[in-house]
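See below for the structure under consideration.
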Amino acid sequence: MPAEAGTAALQSRRFLWLYALAAAGGAVAYVPFLTILLPMRVSAMAGADDVAWLAFATFFGAISASLSNIAFGWASDATRRRVPWIAAGLLLSCLLLGSFGAVAGMVEVIVLLVGWQVALNMMLAPLAAWAGDHVPDAQKGRLGGLLAFAPAAGAGAGVLVTLPGLASADQRLWLVAALVAMCVAPVLLFGRPRDIPGLGRGQDAGRPEARPRGEAVRMWIARLLVQVSEAALFAFLFFWFRAIDPAMTDARVAQIFSLILLGAVPLALTAGRWADRHDRPFAPLMLCAAGAACGLLIMAGAPGLEAALAGYFLFGLSASVFLSLHSAQTLRVLPRAEHRGRDLGIFNLTNTGPSLVMPWLTLALVPAFGFTALFLALAAFAAAATILLWRLPRKL
């Protein structure tokens, strides 16, 4: 943290921790449902056509999430209020999530999925912008470190709700909804963030009214490149491990993935605090992007399971820390504070877009050239992200 930053200009630890809990609640809302509960429900309802129906559901869900995130970010900007939108989105998304147990046809599932994505992003978009309204630049590294809890919480919730004998298929939906409410409600009720001078919409802490758009564009492209790599690995990791070692099980892959998410938390906290203390917001991002590229190169040339695991651990830890820290440091480069909700919605396209791009990239490379070609292409993406971040100013 810069020495000149006084405590009066810092946000309270209570808000930071409760906000991190709310962000974890956002991950709990969609990770167990989209990765486990929805595919299981589609498989039970659609039978042999489950893959096609799940593809349709994923496509329309991603489109609705992308558009609604921008729309509700803009709406919270226009009304100059975040909390009512977050509370309304929390209530509606929890009710709609529990309602999936009452639908009987796949068309109804897709319609309800679109509605749930809209309601969920009514909560998520203002929640992301709320951090920009109240967390100063001197604490954005710490905020990014705390945001690393979110993916781990989402994975943990998936393990919890699927414990044998804990809940039926319909009860799992309401259990997830209850967990989300328990995570998000505390910051709405007890967060009480301090008003930090210069963070309000229309003012920018002694900086020019509008910041250069080139910095935001480079950050946007860098995140997209890393997200495409992360999405490809998330979707096809099991198949790659099985190609190397046929004895690899889905349970072991899930354990490896969970271990990486947990390991990323202390690394992100350490890197975020270092960035604040030394006023070097982009250095950890650049190093993580480079680490992801190196991990992918190791994976591309891995002769056996040990090297493959080493490469994946390096990539997974680097990408997880990168995405957490990037989410916080993005708030520093948005061009205008009064449009941060809308602009964060545009940044959210880097989260939803890869799910539309990644399958075509994989189909174009893997059948003809194998996973080595895919990993080399993804390594090039991560290396390009490193170069983009290296060109950012050392400080902003």
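The values are calculated or read from the model by the stated rules, or taken from the named source; none is laboratory data. Quick caveat: nothing in here was measured; it's all calculated off a predicted structure. FYI the Cβ positions are ideal-geometry reconstructions off the backbone, even for glycines, and counts take in every protein chain you see.
Taken together, the criteria place LEU233 among residues that are assigned to a helix (DSSP H, G or I), within 22 Å of ILE387 (Cβ to Cβ) and of a type outside the set (D, E, K, R). Within the range 122-166, the set of residues being outside any helix (DSSP H, G or I) and in contact with a Ser or Thr (Cβ under 7 Å, 6 or more places away or on another chain) comprises just one member, ALA148. Being part of a helix (DSSP H, G or I), in the same structural domain as ALA150 (by TED's automatic domain parsing), under 26 Å from LEU323 (Cα atoms) and at pLDDT 95 or above: is that true of VAL118 here? Yes.
The single condition from (1) surrounded by fewer than 20 Cβ atoms within 10 Å (Cβ to Cβ); (2) outside any helix (DSSP H, G or I) that LEU392 fails is (1). Would a scan of the range 67-85 turn up a residue that is surrounded by 22 or more Cβ atoms within 10 Å (Cβ to Cβ) and farther than 23 Å from PHE347 by Cα? Checked the range 67-85: no residue is surrounded by 22 or more Cβ atoms within 10 Å (Cβ to Cβ) and farther than 23 Å from PHE347 by Cα.
Here PHE100 meets each of (1) among the hydrophobic types (A, V, I, L, M, F, W, C); (2) assigned to a helix (DSSP H, G or I); (3) without any contact (Cβ under 8 Å) to a residue 40 or more places away in the chain with one exception, condition (3). Taking the criterion of being surrounded by 20 or more Cβ atoms within 10 Å (Cβ to Cβ) and either assigned by TED's automatic domain parsing to the domain that holds ALA23 or in a helix (DSSP H, G or I) (or both), the residues of the range 270-290 that qualify are ALA271, GLY272, ALA275, ASP276, PRO284, LEU285, MET286, CYS288, ALA289. Condition (residue is at pLDDT 90 or above and assigned to a loop (DSSP other than H, G, I, E, B)) applied to the range 177-192: is it met by at least one residue? Within the range 177-192, one or more residues are at pLDDT 90 or above and assigned to a loop (DSSP other than H, G, I, E, B).
Answer yes or no as to whether ALA65 is closer than 30 Å to ARG273 by Cβ, within 22 Å of the chain's Cα centre (by Cα) and assigned to a helix (DSSP H, G or I).
So ALA65 fails the test.
Within the range 29-51, does at least one residue satisfy the condition of being within 27 Å of ARG336 (Cα to Cα) and not polar (S, T, N, Q)? No, every residue in the range 29-51 fails to be within 27 Å of ARG336 (Cα to Cα) and not polar (S, T, N, Q).
Can MET45 be described as hydrophobic (A, V, I, L, M, F, W, C) and over 23 Å from VAL180 (Cα atoms)? Against the criterion (hydrophobic (A, V, I, L, M, F, W, C) and over 23 Å from VAL180 (Cα atoms)), MET45 qualifies. Considering ALA302, ALA319, ALA328, ALA308, the condition of being in contact (Cβ under 8 Å) with a residue 12 or more places away in the chain, surrounded by 19 or more Cβ atoms within 10 Å (Cβ to Cβ) and not in a helix (DSSP H, G or I) is satisfied by ALA302 alone.
Whenever a residue of the range 173-193 is on the phi > 0 side of the Ramachandran plot, its partners that are part of a helix (DSSP H, G or I), lying with C-beta atoms within less than 8 angstrom and at least six residues away or across chains, give the pairs ARG192/ARG14; ARG192/PHE15. The one condition from (1) out of contact with any Ser or Thr (no Cβ under 7 Å at 6 or more places or on another chain); (2) crowded, with 20+ Cβ neighbours inside 10 Å that ALA55 does not meet is (2).
Selection of the range 214-233 for residues being surrounded by 17 or more Cβ atoms within 10 Å (Cβ to Cβ) and out of contact with any Ser or Thr (no Cβ under 7 Å at 6 or more places or on another chain) yields GLU215, ALA216, ARG218, ALA222, LEU225, VAL226, VAL228, SER229, GLU230, LEU233. Inside the range 86-97, residues that are in contact (Cβ under 8 Å) with a residue 24 or more places away in the chain, over 20 Å from the mean Cα position of the chain (by Cα) and closer than 18 Å to ASN69 by Cβ make up a count of 3.
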